[in-house]
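Notes for the one structure printed next.
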Amino acid sequence: MLALGAGPLETGLLAAALWTPWLVAGLPVGAWVDRVRRRPLMIACNLVSAGMLLSVPAAYRAGVLGFGQLLVTAVVTGTTTVFFATAYQVYLPTLVGPADLIEGNAKVQGSEAATRVIGPGAGGLLTQWVGPVAGVLVDAVSFLVSAVCLLLIRTPEPAPRRPDRQEPLRRQIVEGFRFVVRDPYLRTILLWGAALNLALNGWQAVQVVYLSSAAWSRATS
């Protein structure tokens, strides 16, 4: 973004593009994922994300990279993240037995939390060493690695259960939403998470711009 001369507005739009798919597609995706095989879906999400991210360094090298492409890339990769994150949580029970499910969830959530802590710092160092475009390239490769790892899983995935009477997707979405709203614990978690994510993402959207401006002012003073 800094290389393109973008300001706080563009940075905020890009951050919003990454997270808006959760708001728009989160409920439909949650109901739809139960109807399909999860591993092929996750592999497809990885390949689409990798392709979109690879288009960024390719466009930069060709001298045609613009904010519009970054915005489209953010929307697409944000949407594939919604599908992937929803599918892998449902896919995990097909890999481990009920007795190991708690340990499996703990390891998955632990590794995800570790990447969220280590990732921003490692990404910053990588960007400083090789530049932001090369950092995007590394990110694209990580999605390809994820796709290969999923392809190497040999545990067969059972076919989705198809009841004799399939409820319309819209009704499933409404029932799921009502269940969350009516449960006092889930409702509290939902509201708390929404408020936290709004504040945190608003802060992160302008963090890089603020720090870069502060560093530039300090260097020129």
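The values are calculated or read from the model by the stated rules, or taken from the named source; none is laboratory data. Because the structure is a prediction, the values reported are computed rather than measured. Glycine also receives a Cβ, built like all others from the backbone with ideal geometry; neighbour counts cover every protein chain displayed. Ligands, DNA and RNA are stripped out before the accessible areas are found, and what is left, the full protein with its side chains, is counted by its heavy atoms. Shrake-Rupley method; radii C 1.70, N 1.55, O 1.52, S 1.80 Å.
Tabulated data for the structure shown
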{"quantity": "Spin-label model distance (nm) - Ala114 vs Asp100, 7 Å beyond Cα toward Cβ", "calculated": "1.8"}
{"quantity": "Rounded to the nearest 10 Å², the accessible area of Ser142 at probe 1.4 Å", "calculated": "60"}
{"quantity": "Where segment 62-167 is the region considered: accessible area per residue in Å², 1.4 Å probe", "calculated": "65"}
{"quantity": "Cβ-Cβ FRET estimate between Val130 and Val72, R0 fixed at 41 Å, reported to 0.05", "calculated": "0.95"}
{"quantity": "Electrostatic dipole magnitude of the chain [Cβ: Lys, Arg +1; Asp, Glu -1; Cα centre; debye, to 20]", "calculated": "380"}
{"quantity": "Rounded to whole Å, sorted largest first: equivalent-ellipsoid semi-axes of segment 75-181, Cα gyration tensor", "calculated": "33, 19, 15"}
{"quantity": "Backbone N within segment 34-61 under 20 Å of label point (7 Å from Arg170 Cα along the Cβ vector)", "calculated": "34-35"}
{"quantity": "Net length gained if the chain between Trp203 and Leu47 were fully extended (0.36 nm per residue, minus Cα distance)", "calculated": "53.2 nm"}
{"quantity": "Compactness of the chain - radius of gyration and Dmax, Cα, Å", "calculated": "19.9, 72"}
{"quantity": "Rough spin-label spacing in nm, given labels placed 7 Å along Cα→Cβ, for Ala58 and Glu157", "calculated": "2.6"}
{"quantity": "Spatial separation of Cα centroids for segment 83-99 and segment 20-61, in angstrom", "calculated": "17"}
